[in-house]
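None of the figures in this text is laboratory data; all of them are computed from the coordinates on show. Given the structure is predicted, the values throughout are model-derived calculations rather than measurements. We place every Cβ from the backbone using ideal geometry, glycine too, and count neighbours over all the protein chains shown.
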Amino acid sequence: MTSGADETRQGHRYVRSMAGWWHRNPVYFWYMVREVTAVGVAVYALVLLAGVVSLALGEASWNRWLAAMRSPASIALHVLLLAGMVCHAWSWFAIMPKTMPMLFVGGKRVAASTITRAGYAAAVAAAALLVALAWWLRP
Amino acid sequence: MRQIEIQCLRYHPVADQAPRWQTYEVPFTDDMSVLQGLQHIKDQLDGSLTFRWSCRMAICGSCGMMVNGEPKLSCETFLRDLFPGPVRVEALNHFPIVRDLVIDQSDFLRKLESVKPYLIPGKDPEGTFLQTPQQMEQYYQYSKCINCLLCYAACPQYGLDPEFIGPGLMALIHRYNADSRDGGRAGRMELINAEQGVWTCTAVGYCSDVCPKHVDPANAVNQNKVNGAIAWLAGPFRPKASGKP
């Protein structure tokens, strides 16, 4: 025991601080990225909702919304939100098997990696379908 | 023989105001675990180093500690895989430190008693309890928990709010609730649906990654978010029970 020992501290438990916990481990960092990018998903829903409201308000309003969407700031926001959404989808499907009941096919449990891969495939297929539809309906 | 540097977080409740790092040079062979490295320190270099261990074969769950920032069983973490080091060893995160690498488990043990971790006979207590392989699979992985607490050290929500019942005990609750022979589900639902039950979990998922027995506690917690929500919604429509389940 070192000199200056404080006997009144006998049995004292040391509680470590949680400050900065989310950047102490890459797993926590990517969890926080998943949480933050969920806000980006909500923000983009609001952007689209503004478009629907503009459409309801008439042609002038709709054209103003379209012009706003074509501005450099909007394109920068879209690139940022797209990156966020890719991150979110990747992270979400990785954890999806942990969030759902056990799946059985032909009496055998479906592996977590299969569920994740099916999620990635569905996301890629849905995005490809949307891009194809937009291309086909372009003015 | 190769040498590796092991840095241990030391804490003596009387002598130290706060934990401090202490470094040891440890000779090791390819078959030596981190636990054996610590035992070498205790036997040959510094008898005051304090840590828990028992079986040395990843079944007792005593030797959990943070190794290079990750919750690990030190008996199944090998020094050869951490060479050239240094190896940083500290007490499991999110628990108060009693001394050196020893944590205070009393919070977990208090909660363990509260979850009714045993089979409660259902409608037919004298039944033969036949189960199909699929019925058994619903709970079997959750029955493999060894209470090593690595999942608690992985869970930031437990660190931020120690009232959270935590991943390990949620897996244990699910182990009994998902068992077709058990009739105690309604009695455990209150714990599941409490704010400190499943709803404190935010699906970080790291608890399942660190589990040495592949129990997948995150899956148990998240399945019970659905079960808890259904029980809550169905609550007003259920006839009042005459006694406690």
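Short to long, the 20 Å bins of the Cα pair-distance histogram for the protein assembly as shown hold 22, 45, 27, 6, 0 percent of all pairs. The length gained on full extension between A:Arg70 and A:Leu130, counted as 0.36 nm times the residue separation minus their Cα-Cα distance, comes to 19.7 nm. Tell me, what is the FRET efficiency for B:Tyr140 and B:Asn68 to the nearest 0.05, using R0 = 35 angstrom and their Cβ-Cβ distance as r? So, using R0 = 35 Å, E works out to roughly 0.65. Taking Cβ atoms as reference points and 15 Å as the exclusive limit, the residues near B:Asn147 contribute a net charge of +3, counting Lys and Arg as +1 and Asp and Glu as -1.
Return the whole-Å distance between the Cα centroid of the range B:132-158 and the Cα centroid of the range B:1-16. Computed from Cα coordinates, the inter-centre distance equals 31 Å. Shown in residue order for the range B:138-153 are the 3J(HN,Hα) couplings computed by the Karplus curve 6.51 cos²θ - 1.76 cosθ + 1.60 at θ = phi - 60°: 4, 10, 4, 4, 6, 7, 8, 4, 10, 6, 7, 6, 4, 5, 5, 6 Hz (x for Gly and Pro). In this structure, A:Lys108 and B:Trp199 have a Cβ-Cβ separation that, at R0 = 51 Å, corresponds to a calculated FRET efficiency of about 0.95.
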